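The values are calculated or read from the model by the stated rules, or taken from the named source; none is laboratory data. Nothing here was measured: the structure is a model prediction, and the numbers come from that model. With ideal geometry, Cβ positions are generated from the backbone for all residues, glycine too; neighbour counts draw on all protein chains shown.
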Amino acid sequence: MTHPAPSRRHAIAEDLRNQISTGRLRVGERLPSEAQLAARYKVSTPTLRNALALLQGEGLIEKIHGSGNFIRHPLHKITYLGGGHTRAVQLAPDGVLSVSVSTTNLRAQGPLATLLKVAPRSPLTEFLHLCHDGTTPHSLTRVYVPRDLAPAVIPDPPSCSVVTATLASLRPPLAEVQERINARLPTPEEAAVLRISQSLAILVITRVATDVIGRVVEAAILVLPGDRSDALFATRHAPEEGNSNK
């Protein structure tokens, strides 16, 4: 049985993949320009870019705007643990991500007002958590809370654990947490911040926490590139009456 020949973009990607796996192309090394690679493989620039996009989607190559394409350090995989009242991300056992937090005061508009169920221009505070794996952006989370539930003083520099604990201490007890998960392509802004290809699918988890009177006290939007993350949701069931072991 004969198999169809691989397309040029897949053949190019396979050749570069082999060079990376055998060490001929080393981590941190800059690839020749796209024009040079296109000439080397005797293909058009769009075909060459499609081949590079395959490797970017696999996490092997990182494209830095204005600098070129680089062989990337393998990024640690993380797992989002759903189904709880606390946002939880499980780090790979052999690596720890560093997280920086920045804050912005803003007014609710459009989808944000709808998400938090507040009137347009209601005062909010945004906490932007940007994770890094070494020097490479890894993932990001935007947390929004009503201004009256935001701390009056933010630690400088703010740390992820301190900010999360402070927000939890200021909000009323939670009654419900809804989590919505979907996969899509990144926006140009998300691709630029995370330094990923716009063809790489991302996992977007939207968490909305409400209190006993139904007020949204926190909304979080997690953006997790698909080449370094997954999500786990577990449901525990109590034994049915009459079926338990005696």
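Identify the single condition in (1) closer than 20 Å to residue 103 by Cα; (2) part of a loop (DSSP other than H, G, I, E, B); (3) modelled with pLDDT of 90 or more that residue 193 does not satisfy, given that it satisfies every other one. Single failed check for residue 193: (2).
Considered as a group, the residues in segment 207-230 that are surrounded by fewer than 17 Cβ atoms within 10 Å (Cβ to Cβ) and not in a loop (DSSP other than H, G, I, E, B) include one that is modelled with the highest pLDDT, and that residue is 211.
Filter segment 139-151 down to the residues that are among the hydrophobic types (A, V, I, L, M, F, W, C) and without any contact (Cβ under 8 Å) to a residue 60 or more places away in the chain and list them by number. Write out each step before concluding.
Applying the first criterion (among the hydrophobic types (A, V, I, L, M, F, W, C)) to segment 139-151 yields 140, 143, 145, 149-150.
Of everything in segment 139-151, just one residue is among the hydrophobic types (A, V, I, L, M, F, W, C) and without any contact (Cβ under 8 Å) to a residue 60 or more places away in the chain, namely 150.
All of 23, 68 fail the test of being under 21 Å from residue 194 (Cα atoms) and not hydrophobic (A, V, I, L, M, F, W, C), apart from 68. Cβ-Cβ distances below 7 Å connect the following pairs, each with a first residue in segment 152-174 that is farther than 14 Å from residue 100 by Cβ, a second residue that is small (Gly, Ala, Ser) and outside any helix (DSSP H, G or I), and a separation of six or more residues or different chains: 174/209.
Table: residues versus (1) in contact (Cβ under 8 Å) with a residue 60 or more places away in the chain; (2) surrounded by 12 or more Cβ atoms within 10 Å (Cβ to Cβ).
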{"site": "13", "(1), (2)": "no, yes"}
{"site": "17", "(1), (2)": "no, yes"}
{"site": "23", "(1), (2)": "no, no"}
{"site": "28", "(1), (2)": "no, no"}
{"site": "32", "(1), (2)": "no, yes"}
{"site": "37", "(1), (2)": "no, yes"}
{"site": "42", "(1), (2)": "no, no"}
{"site": "48", "(1), (2)": "no, yes"}
{"site": "62", "(1), (2)": "yes, yes"}
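For segment 172-190, the set of residues classified as surrounded by fewer than 17 Cβ atoms within 10 Å (Cβ to Cβ) and in a strand (DSSP E or B) consists of 174, 175, 176, 178, 180, 181, 182, 183, 184, listed by residue number. Condition first: among the charged types (D, E, K, R) and at pLDDT 90 or above. Can you find one or more residues in segment 81-93 that meet it? Among the residues of segment 81-93, not one is among the charged types (D, E, K, R) and at pLDDT 90 or above, which makes the answer no. One residue stands out among those in segment 117-149 that are over 18 Å from residue 220 (Cβ atoms) and of a type in the set (S, T, N, Q): the one that is surrounded by the most Cβ atoms within 10 Å (Cβ to Cβ), which is 136.
I need the full set of residues from segment 125-138 which are part of a strand (DSSP E or B) and either without any contact (Cβ under 8 Å) to a residue 60 or more places away in the chain or not charged (D, E, K, R) (or both), in order please. 125, 126, 127, 128, 129, 130, 131, 132, 136, 137, 138 - these are the residues of segment 125-138 that are part of a strand (DSSP E or B) and either without any contact (Cβ under 8 Å) to a residue 60 or more places away in the chain or not charged (D, E, K, R) (or both).
Among the residues of this structure, residue 152 does not count as one that is part of a strand (DSSP E or B) and either farther than 17 Å from residue 221 by Cα or outside the structural domain of residue 60 (by TED's automatic domain parsing) (or both).
I want to confirm something. Restricting to segment 1-37 and keeping residues that are more than 31 Å from the chain's Cα centre (by Cα) and hydrophobic (A, V, I, L, M, F, W, C), which single residue is modelled with the highest pLDDT? Please lay out each step first, then the result.
First pass over segment 1-37, keeping only residues more than 31 Å from the chain's Cα centre (by Cα): 1-6, 36.
Next, only the ones that are hydrophobic (A, V, I, L, M, F, W, C) stay: 1, 5.
Working: 1: 46, 5: 50.
Here the answer is 5.
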